[in-house]
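As structure tokens, the structure follows; a few thoughts come after it.
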């Protein structure tokens, strides 16, 4: 198996557990595109046409998976999965219309790829998909020179390229054989979910439905397996069996078999019979179809998509996938599109949550639209191995998450039996397996019962809602969704009742005047719920019984009535009375910078008066209150003539250079009632510490940002940017974190951030996704060498020095595990650095590989190898300790030392071709005993004529006029306050006006010293030589020097504002002032005199002279 293969794991443990790896690589979060083109599919009526959109502006170059790049370099022939734009199914359509729309979309968007491939040697089209808009190509890297991944990534519509990763299916470990028994009519799993009760009450065992199992294959000869076929005489079981090869193509003439045993077991749990004397399948009369996606022929991402596509085409009511990615929590974006499209076509997607325990989940189960299933045992407890977690959508999925997904959600959705589950195995026997692999087919069978009992009327959304709403938990377990049970263990009976019963409660909800109330909530105690439509109508399914039914709506008092349901719908109307009501639409931010605003938005119904008071922690003198844009004094009540519905935007404007905590106490009054709501607190900081995450690759910058926001103090503001944006805003940011940087920008970025006033944390890891330290090495030669590897056991930092970066994490001599991605154990390190090494990179098997983290005090930087995010070590894989080290590194880098003063190069302006002199000096540093300076200039504009010492005589110099560099140094025994070190005389080669040449510092080669030998930190400010923007004396810029220029200058001196006057052209003697001496020099220029300039006249003398004239 290739080194960098992600893994799809059969989510089952058997008795002790086993896994099957697969790879399903996804695009970076910013490479998901939307669409917008209406298409009409021939032969489909306008009402049934899938509305699909396409984005006309695809990225110029699509994202290429690093593992694919590696394969392309190492292999003669590489399979490349080309992913194109995701269609947007804008309306709920029938299965046929949806499939046709998806196929049409794929056919049109894939055409450029197919044309390109057909015109090139060494490229073969292996398969095309429409459920996931993708093309699988075999590409020979040594063939046509125009065939490169970069060229393929630039084709129209391509959004990403990733490898078609392999899948392995190891044999089950220590499975337990079970002999036939007739002691029980059904397994505990069927009884736990009330499957047999559905059979009895609804008279169905799944008739008329179709269940698709995508797995390792199936043994159709097993007495409890009844595999569907369209032709009983055909041994290939057409319509009921399909095997898929590595390219996702259906294997011709394949006859059903099970390469592992896992697939026969999951198939039996979903639809198995009772040949053993007890039923093993939840829906034994449902038609079973099986897609062999994890057989030796397949075992790839393409095979899985091929199987999903086949299941949809075969009209499966539900598909069950007992598989998931490894290194949990893991999020495979490639599974989002096929899941959405399968459900849009009417197939419910059920998947196991994973076997990695609490705090983890895997794809496709953790795709929000799929039904993720955890594992319960016979005692209704959740197995320790069952995966579950709260998923932060932005952190986990980034921009790949569809807009309808919530900000956070719980995995699993529900749970089902998954411990010691008895089911069929190849050869006619039975075995007990454990794992969420067993839970998924229990749930898929329950879906078949629900859809059968409803006569096919239960939609995908109805089925999923019913599974969640009717799930149950043992007494003492938390209500609502939690990371162990999800909503609870599925109850097939109550879920079926929700979608199949034709009885319940219906009616209308109106106000006191009989007007319909839309979106009112109606709840049946212990039962279902619903909302009213625009006409105020609601309808809720309920079993026979007596119920309390409550109607509630915003701005109205709730009302409860008791009703009895007895085989039909009972009508219960509600008339609600108005009341004061308030709900917060958005709260105040957690932190702002002084001078910014803290805003909250609230909606109030039947409001008659509103008052806002400022809470403790911030001065009213510094806080201005605005309500809907109008300034309102604190404590002043805003009144309304009658009860009014209001949406109020309440803004607190803070004052710059202040700090504190802003909270607002809002008092709402109306209809003889009062409601108090407090918003905040919002921390106000005098100034935010600005941190920029540099991510030119666009893959993991947001993930780094998310971690830093979690671990840094509230006054740290983190932004993601390109290296170009960072270099243009160096002065705005306190520090930068380099996750990924374009190699060509490395030297410029290192130069722009070289001063100790800007801290930089350089990250890297295996591969090229995170490359900060190697780019630093190339740019400045430190470290001299970098390296990366995988394997060798658990990866750690071995702490060698006491440093704030390890505060609260580890002491010298201790080790810190960096990440839990132990399948490959990616890591990186460096050698030969002038920076202070504070920790070594250590692996469990190889020991110390070299320095792993070091601090460069001269450039105020941190090199933190292995902390970079990459394809195989994603954000969630890092330990809390590693994340704290990353945050501490940013804290250190942002706390830059304060310079004691500034060493400047002066600026001077001369006429074109005149000589220029600049001075190297400091005006605010005392006791300077020596200096060394390295300066750069443009040799095409300036040439050094001479260097003279001022307060430090006779400096030693090295002038390189060819390359534009100056090196000089001098030292004395005693210190000098605010010294001028040297004057540099330049021959100016600029022969036109308005030209300039910078004289800049090489900070790394410059320093000043005190008599005690210390070298203080200083700022270094460059200078400039520029040519004037006009001829001296020609103050009106008319091209000649006349007495008019002298008159305009006299007017300027006495305080007038003469028109067309350029002051910079009037300073004839270059003393920085405009005086009567300059007027004299202008007059001398006119008459051609060469007498010396007189002393300046005072303004009063000049006025008197003008009066005499």
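Based on the Cβ-Cβ distance of residue 983 and residue 114, what FRET efficiency does E = 1/(1 + (r/R0)^6) give at R0 = 56 Å, to the nearest 0.05?
On the way: r = 72 Å, r/R0 = 1.28.
The value I calculate is 0.20.
Which length gain, in nm to one decimal place, applies between residue 583 and residue 516 when the Cα-Cα distance is subtracted from 0.36 nm times their residue separation?
The residue 583-residue 516 span can extend by a further 22.0 nm.
Give me the Kirkwood hydrodynamic radius of the chain, using the inverse of the mean 1/r over all pairs of distinct Cα atoms, in Å to one decimal.
34.9 Å is the Kirkwood radius here.
Relative to the longest principal axis of the chain, what angle (0 to 90°, nearest 10) does the C-alpha long axis of helix 1043-1053 take?
Taking the Cα atoms of the chain, the angle to 1043-1053 is about 70 degrees.
Quick one: what do you get for the stretch 501-576 if you divide its Cα Rg by 2.2 N^0.38 Å?
1.00
On C-alpha positions alone, give me the angle between the axis of helix 701-711 and the longest principal axis of the chain, in degrees, nearest 10.
Helix 701-711 sits roughly 90 degrees off the main axis of the chain.
Take every Cα-Cα pair in the stretch 537-609 and report what % of them are more than 14 Å apart.
I get 71 percent for the Cα pairs in the stretch 537-609 exceeding 14 Å.
Give the Rg/Rh ratio for the stretch 728-800, taking Rg as the radius of gyration of the Cα atoms and Rh as the Kirkwood radius, to two decimals.
Details: Rg = 13.7 Å, Rh = 13.5 Å.
Rounded to two decimals, Rg over Rh is 1.01.
Could you give P(r) for the stretch 902-1027, binned at 10 Å from zero, as whole percent values over all Cα-Cα pairs?
14, 47, 29, 9, 1
In cubic angstrom, how much convex hull volume per residue do the alpha carbon atoms of the stretch 852-947 span?
It is 206 Å³ per residue.
If you fit an axis through the alpha-carbon atoms of helix 262-271 and take the longest principal axis of the Cα set of the chain, what angle between them do you get, 0 to 90°, nearest 10?
Relative to the chain, helix 262-271 is tipped by roughly 60 degrees.
Per residue, what volume in Å³ does the Cα convex hull of the stretch 689-894 take up?
Each residue corresponds to 94 Å³ of Cα convex hull volume.
Using just the C-alpha positions of the stretch 767-832 as equal point scatterers, what log10 of I(q)/I(0) does the Debye formula give at each q in 0.22, 0.26 1/Å?
Normalising to I(0) and taking log10 leaves -1.07, -1.10.
Find the eigenvalues of the gyration tensor of the Cα atoms of the stretch 292-391, then list the square roots of 5 times those eigenvalues as equivalent ellipsoid semi-axes, largest first, in whole angstrom. Before the final figure, lay out the partial values.
Values: eigenvalues 110, 44, 36 Å².
Listed largest to smallest, the semi-axes of the stretch 292-391 are 23, 15, 13 Å.
Checking a compactness column here: for the stretch 991-1088, what do you get for Rg(Cα) / (2.2 N^0.38 Å), N being the number of residues?
Against the compact-globule rule of thumb, the ratio is 1.59.
Count the DSSP beta bridges whose two residues both fall in the chain, then state the antiparallel fraction as a percent rounded to the nearest 5.
70
Consider all pairwise Cα distances in the stretch 176-497 and report the whole-number % of them above 26 Å.
39
Classify the stretch 421-496 as rounded, prolate or oblate, taking a ≥ b ≥ c as the square roots of the eigenvalues of its Cα gyration tensor: rounded when a/c is under 1.5, otherwise prolate if a/b is larger than b/c and oblate if not.
oblate
Using 1/(1 + (r/R0)^6) with R0 = 51 angstrom and r between the beta carbons of residue 631 and residue 525, what's the FRET efficiency to the nearest 0.05?
On the way: r = 48 Å, r/R0 = 0.94.
Calculated transfer efficiency: 0.60.
Mind listing P(r) for the stretch 352-438? All alpha-carbon pairs, 5 Å bins, whole percents.
Cα pair-distance distribution for the stretch 352-438, in percent: 3, 16, 23, 19, 14, 11, 6, 4, 2, 1.
Three principal axis extents, largest first, for the C-alpha atoms of the stretch 584-685, in Å?
Extents along the principal axes, in whole Å: 42, 23, 22.
I'd like the projected area of the stretch 209-332, averaged over all directions, using the convex hull of its alpha carbons. Report it in nm² with one decimal.
7.8
Based on the mean of other beta carbon atoms within 10 Å per residue, what is the order of 100-108, 988-996, 1004-1012, most packed first? Each step should come with its number before you reach the end.
Numbers: 100-108: 21.0, 988-996: 14.3, 1004-1012: 16.2.
For the peptides 100-108, 988-996, 1004-1012, the packing ranking is 100-108, 1004-1012, 988-996.
With a 10 Å radius around each residue's Cβ, average the other Cβ atoms per peptide and rank 114-124, 610-620, 790-800, highest first.
Descending packing order for the listed peptides: 790-800, 610-620, 114-124.
For a quick check: sort 826, 215, 683, 731 by the number of other beta carbons within 10 angstrom, fewest at the front.
The fewest-first ordering by Cβ neighbours comes to 731, 683, 826, 215.
Rg and Dmax of the stretch 676-721, using alpha carbons, in Å: what are they?
Calculated on Cα positions, Rg and Dmax stand at 13.8, 48 Å.
Beyond 14 Å, what share of the Cα-Cα pairs of the stretch 816-901 remains, rounded to the nearest whole percent?
Here the long-distance tail beyond 14 Å is 66 percent of all Cα pairs in the stretch 816-901.
To the nearest 500 deg cm²/dmol, what mean residue ellipticity at 222 nm is calculated for the chain from DSSP H runs of n ≥ 4 alone, each contributing -39,500 (n - 2.57), summed and divided by the residues?
-5500 deg cm²/dmol
As a footprinting exposure proxy, order 1068, 321, 863 by other Cβ within 10 Å, with the fewest listed first. Can you show the working numbers first?
On the way: 1068 21, 321 34, 863 30.
If I rank by nearby Cβ atoms, fewest first, I get 1068, 863, 321.
Could you list 1042, 689 so that the one with the fewest beta carbons within 10 Å of its beta carbon is first and the one with the most is last?
Placing the least packed residue first, the sequence is 1042, 689.
Rg and Dmax of the stretch 635-769 over Cα atoms: what are they, in angstrom?
Rg, Dmax (Cα atoms, Å): 22.3, 70.
Find how many whole Å separate the alpha carbon centroid of the stretch 844-905 from the alpha carbon centroid of the stretch 434-471.
Result: 49 Å between the Cα centres.
No lab work stands behind these numbers, since they all come straight from the coordinates. All values reported here derive from a predicted model rather than from experimental measurement. All Cβ positions, glycine included, derive from the backbone under ideal geometry; neighbour counts span all protein chains shown.
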